[in-house]
Amino acid sequence: MKHLVTLTFFLCPTRTFLALSGFLLAGLLAPQEAQAGLRVCNGSVDLVNIAIGYETDEGLRTEGWWTITSNACSQVLQEPLGARKYFLHVADGFGEGRLVGDVTLCIRKEKFVLYDGDQCWQRGLIEADFFQIETEGKQDWTVLLSYD
């Protein structure tokens, strides 16, 4: 059984993250072969760029980017999930953050893999809001991005 969390967001700069819910969007999450890992689906009409963060044996790891077109999904982590918490940053096609989160981690404009999410400025990196996802120890998880 796949586990799904829906992140509802706005692309209007004055509006922010709204809600979490657990429903399926018809068609976008059609049945397919089960695959463990973290999957992100874009239920919006716009392209989004995704960066993720999670704890590893080497420390907190952030990496990006995955570009997900409208009504498409991307398997961002291929292996069974080991951490209970993952962090998600969503940016539009212009690189502007679109999901207000409660965790600040470091990113780069180009593709990246980083360890340790603090002291971004001193390291020549960009601070970005990440939203925390609790996977409840499951090996697979799907996040659906949609508009309200």
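Read-outs throughout are calculated quantities, based only on the coordinates presented, and are distinct from any laboratory measurement. Keep in mind it's a predicted model, so treat the numbers as computed, not measured. Every residue, glycine among them, receives a Cβ derived from its backbone with ideal geometry; neighbour counts consider all protein chains shown.
Miscellaneous remarks
- Amide H contacts under 5 Å for residue 133, placed H, 5+ residues apart: 86, 87, 88
- Under the Karplus curve 6.51 cos²θ - 1.76 cosθ + 1.60, θ = phi - 60°, whole-Hz ³J(HN,Hα) for region 37-48, x wherever Gly or Pro sits: x, 10, 10, 10, 10, 9, x, 8, 8, 10, 5, 10
- Taking the fewest neighbouring Cβ atoms within 10 Å as the starting point, the ordered list for 84, 98 is 84, 98.
- By average C-beta atoms within 10 angstrom, highest first, the peptides 38-50, 133-145, 117-129: 38-50, 133-145, 117-129
- Close amide H partners of residue 44, meaning residues 5 or more places away or on another chain with modelled amide H under 5 Å apart, are 71.
- Percentage, to the nearest whole number, of Cα pairs in region 40-99 over 20 Å apart: 26
- Charge dipole (Cα centre; +1 on Lys/Arg Cβ, -1 on Asp/Glu Cβ; no other charges) of region 101-147 amounts to roughly 300 debye.
- Neighbour counting of Cβ atoms within 10 Å sorts the residues 113, 76, fewest neighbours leading, into 113, 76.
- Total charge dipole magnitude, region 72-141, about the Cα centre, Cβ charges on Lys, Arg, Asp, Glu only, Debye to nearest 20: 160
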